[in-house]
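Worksheet: one structure, shown below.
The values are calculated or read from the model by the stated rules, or taken from the named source; none is laboratory data. Computed from a prediction, not measured in an experiment: that's the story for all the values here. Here the Cβ positions follow ideal geometry from the backbone for every residue, glycine too, while neighbour counts run over all protein chains shown.
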């Protein structure tokens, strides 16, 4: 019920190598990138990462921090396959459990409800069962006798999510087009850390011009800490506050990882923002010179 605000580094200090960490968002949309960058700074590794993957997975994979990935996909949206993830998979850097999107959601829902599994039709008749031989099926005990996939609970030691606004107690709202299951990530975790564009008073959460009662996504009882992180989803989108930084995403996707990490991830979040602004100014100067040539 009290004030749960903290810094990104304070939130990540509660994590440890070997944990199972769920990361909210979807592809390259509303990812908690400030928290992911804090994980990279902290040197935490040997992680089982559970994510509808985007650059969060790509960065952690490139840095060698993932032992196992549970995902339905790993994409940058406008770039179909996350390149750093792809490179890590091609060299066999980590174990992968790849499941259908609905199976993934049902695994989170099972964990949120403290169930060992939930039955789901998705996956039946597909190669999901072949590439995940540990999965089991279950027959309905009723007259229909239908066979389902028994999707195991995706229980998380910790969850990291990003929303548009939050209060100091841990309630959070999204203002964009999709909740991206961030509430399930929080409910499925032993502890959840929510970063936000701006911390506001509780009364503002559902009474602002852009918000409504249906936008209240994260409930305080599932949240351990709240981090105010303006532009904290960069370079992914956080609609309607900002869109995806496509130019910077192309840089990330095309640059060798050591080069990108050395330039943009060598310091704290303030240093990251400064490095991004410096790069953007370089691009503007380059475009200006092209225009006068």
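Taken over region 255-265, the criterion of being assigned to a helix (DSSP H, G or I) and without any contact (Cβ under 8 Å) to a residue 40 or more places away in the chain is satisfied by 258, 259, 260, 262, 263, 264. Please verify whether region 154-172 includes one or more residues that are within 15 Å of residue 102 (Cα to Cα) and either surrounded by 16 or more Cβ atoms within 10 Å (Cβ to Cβ) or within 16 Å of the chain's Cα centre (by Cα) (or both). Yes, the conditions are met somewhere in region 154-172. Residues in region 242-254 that are outside any helix (DSSP H, G or I) and crowded, with 18+ Cβ neighbours inside 10 Å: 244, 245. Taken over region 81-127, the criterion of being over 21 Å from the mean Cα position of the chain (by Cα) and within 22 Å of residue 56 (Cβ to Cβ) is satisfied by 90, 91, 92. Which one is nearest to residue 261 (Cα to Cα) among residues in region 1-28 that are touching a strand residue (DSSP E or B) at 6+ places or on another chain (Cβ under 6 Å) and surrounded by fewer than 24 Cβ atoms within 10 Å (Cβ to Cβ)? The selected residue is 15.
Residues that are over 22 Å from residue 271 (Cβ atoms), out of contact with any helix residue (DSSP H, G or I) (no Cβ under 6 Å at 6 or more places or on another chain) and modelled with pLDDT under 95 occur in region 1-19; there is at least one. Is there a residue in region 217-233 that is modelled with pLDDT under 95, surrounded by 17 or more Cβ atoms within 10 Å (Cβ to Cβ) and touching a helix residue (DSSP H, G or I) at 6+ places or on another chain (Cβ under 7 Å)? The answer is yes; a qualifying residue exists.
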